[in-house]
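*Asks:* Just dropping this structure here.
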Amino acid sequence: MKKLEFVGLVPAAGEGTRMYPFSRAVPKEMYPILGKPVIEHCIENLREGGINRIFLIVGHQKGALMDYIGDGSFYGVKVAYIYQLKRKGLGHAVLQAEKWIKEPFVTLLGDSFIEPKKEIQTMMRVHTEKRPIATVLLFKVDSPIGYGVAKFKSLENNSGPIEKLIEKPSLKEAEEFKINGKYYAL
């Protein structure tokens, strides 16, 4: 079986409304976690997963982010920027890369922090072996509020085909997504 080559895609065009008014001055992806901006953790996660080409989706007021990351050479990767003119949600952000990405890609949100880093390698291995349309890394949460959550067709060993996704549902809307008192969030 031919080894798949993956590229990275990091949507980082959001306004940071939940962090307002701070996000007016500093992009949310630049807020520090463990001594460095969260966007730096994203790039390191992708690099440690074996990905050395990364596209960042950026928008209004992301100059500080672009200045900080530059071309990615400081991190041992190549970074290119795709500008999202209108923010219409995560799906729209990912579609902005359609003209540039032809190979399988890993999307990490620019304001997300993933530990342990090996999760990306595991996800890429599963995707390479099973060759689904998409492979999504989810995490369990007690409340769906503020997250996108997944409903599975069937679930074995915390894995299975996804039947439905819903973005930031109310508790009532998310009730059918609950499994053993938890939700699987994006």
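*Asks:* Return the residue satisfying two criteria in turn: it lies in region 52-96 and is of a type in the set (S, T, N, Q) and part of a loop (DSSP other than H, G, I, E, B), and of such residues it is nearest to I120 (Cα to Cα).
*Replies:* So the residue we want is N52.
*Asks:* Within region 116-136, take every residue that is in a loop (DSSP other than H, G, I, E, B) and not charged (D, E, K, R) and give me the one that is modelled with the lowest pLDDT.
*Replies:* In this case the residue turns out to be P116.
*Asks:* Between G72, G50, G14, which is loosely packed, with under 15 Cβ neighbours inside 10 Å, assigned by TED's automatic domain parsing to the domain that holds H92 and not hydrophobic (A, V, I, L, M, F, W, C)?
*Replies:* G50
*Asks:* Within the set of pairs 6 or more residues apart or between chains, which connect a residue that is basic (K, R) inside region 148-161 to a residue that is assigned to a loop (DSSP other than H, G, I, E, B) and at pLDDT 70 or above with Cβ atoms less than 9 Å apart?
*Replies:* K153/G160; K153/P161
*Asks:* Looking only at region 76-91, how many residues end up being within 23 Å of K36 (Cα to Cα) and out of contact with any Leu (no Cβ under 9 Å at 6 or more places or on another chain)?
*Replies:* 2
The values are calculated or read from the model by the stated rules, or taken from the named source; none is laboratory data. Note that this is a predicted model, so its numbers are computed, not measured. In this analysis, Cβ positions are derived from the backbone assuming ideal geometry, glycine residues included, and neighbour counts consider all displayed protein chains.
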